[in-house]
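A short worksheet on the structure shown next.
Every number here is computed from the coordinates shown, using simple stated rules; none is lab data. Because the structure is a prediction, the values reported are computed rather than measured. So basically every Cβ, Gly included, is an ideal-geometry build from the backbone, and we count neighbours across all protein chains shown.
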Amino acid sequence: MFDSHRSICKPSMPTPWPLGSSFPSLHQTMAPHDNFIASHNVASVLAEVKEQPSELVDLSLDSTVEEAFDVLLANDILSVPVYRVEDETKVYVAIVGVLDLLKFTTIQPAIDNLNTQSQVLPDFGTLYDRSQFLLRPLKDVIGLTPESAQLFIVHPSDPLSELLRLFTSRRVHRVLVVDDGAHTPREMLSHRAIDLTKFNAAKRISHPVLLSQTDVVRFLWRHNHHLGKILDTPAGGIANRSRRLFPSSTLLNPEPENTVIVTIHQTALQAFSHISSTDVQAVVVVDDDGEVVGEISAGDLRGLNRNRVMDLVRPVIMFLRNTQGQLFRPLMCHARFTLSQCVSALVKGEAHRVWMVDEEERPIGVVTLSDVLSVFVPATEE
């Protein structure tokens, strides 16, 4: 109830700050998660999740699309730095992800024609001959997504908040980390190459390191006891958050809720075409009742070659069983689940998303790594 007596009370004089005491610092007045983010940098992440970084897997601009698909599958990775050689030196020009390769594949006439259900499917030999696009060089793929259109560079001394900004507002999933002695801009157009091998003087980084969204989420989860009440945020407030805050200028509909579903009756190619046209990394597969039975992502296209192109016209469920060995149900949550529960599931399940479902397990949204990281972007960065 409104207290009329209090509303007319004279304002009291401010209480003097006790002599001999100090004013609270900025970090003391910040929320715990903001304080944690402000207190760490890229080196903090490297020290914990990249203690012994493996040799960087990379490919030359002259490598073929088919070779890239094979390398991604063989190394169980989703992207690869691409370089050209100048004076016997590797000069990195872009990071090509599996989504770039997927987009390149689905726009090919030989593949796009397979989406026409009324058309008689070509025999294997004909389709093999039409799949020569897989022999084209990677330089033809660069620029199909924000991740490959610009080469993003960070240094160990860069603040963690800068890394979070790149992983959310710039819609990239991986960056290259180079020595602090490299005075390079944070982002470079693909045609303006950077000779990273000149910047490897630091003992901490003997060669460029690929740092991903997954690495940062794992780092945050290791310090969940420092993040405070932000971890109690309901999943309903996180789902699709990154796309709402930082919508893609290339999409007419930045909201993915009504564009992430394919049915068990659609082909794998239709699912991949859906991923390509909606600029998402994965779509959820539902049965005749609309309940979740699986998911198909850009990563499921890894290993594509001319001998396997015919697999694309298989029903999505059959394609997934063939590539994965069996059909796996994806991670799911309800809107009432917390950010803490979602992050725990993502880290322990080594997953990239959690599908939010209703009581009948029908999909109503998705919590991605980008959504999780967007929660920790400082307010001034949003």
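As an exercise, find the ratio Rg/Rh for the range 39-109 from alpha-carbon atoms, using the Kirkwood inverse-distance average for Rh.
Numbers: Rg = 15.0 Å, Rh = 14.1 Å.
Reported Rg/Rh, Kirkwood definition of Rh: 1.07.
Can you flag which of 90/139; 50/90; 50/348 are past 20 Å Cα-Cα?
Details: 90/139 15 Å; 50/90 22 Å; 50/348 18 Å.
50/90, as the Cα separations exceed 20 Å there.
For the range 263-375, what is the percent of antiparallel DSSP beta bridges, rounded to the nearest 5?
80 percent
Is the shape of the range 293-347 rounded, prolate or oblate, going by the alpha carbon gyration tensor and its root eigenvalues a ≥ b ≥ c, with a/c under 1.5 for rounded and a/b larger than b/c for prolate?
Because a/c hits 1.5 or more and a/b exceeds b/c, the range 293-347 counts as prolate.
Which ³J(HN,Hα) values in Hz, rounded to whole numbers, follow from the phi angles of the range 288-295 under the Karplus curve 6.51 cos²θ - 1.76 cosθ + 1.60, where θ = phi - 60° and Gly and Pro get x?
3J(HN,Hα) across the range 288-295, in whole Hz: 5, 8, x, 8, 5, 10, x, 9.
In the neighborhood of residue 62, defined by Cβ-to-Cβ distances under 9 Å, what is the net charge if each Lys or Arg adds +1 and each Asp or Glu adds -1?
Summing Lys and Arg as +1 and Asp and Glu as -1 gives +2.
Can you compute the radius of gyration and Dmax for the range 322-372, using only the Cα atoms, both in Å?
That works out to 11.5, 35 Å for Rg and Dmax.
Name the residues whose placed amide hydrogens come within less than 5 Å of the amide hydrogen of residue 295, ignoring near sequence neighbours (fewer than 5 apart) on the same chain.
Amide H to amide H, under 5 Å and 5 or more residues apart or across chains, residue 295 pairs with 285.
If you filter the range 297-382 for trypsin sites (Lys or Arg not before Pro), then keep DSSP loop positions with at most 13 other Cβ within 10 Å, what is left?
Listed in order of number, the matching sites are 336.
Find the eigenvalues of the gyration tensor of the Cα atoms of the range 261-382, then list the square roots of 5 times those eigenvalues as equivalent ellipsoid semi-axes, largest first, in whole angstrom.
One finds semi-axes of 27, 17, 13 Å for the range 261-382.
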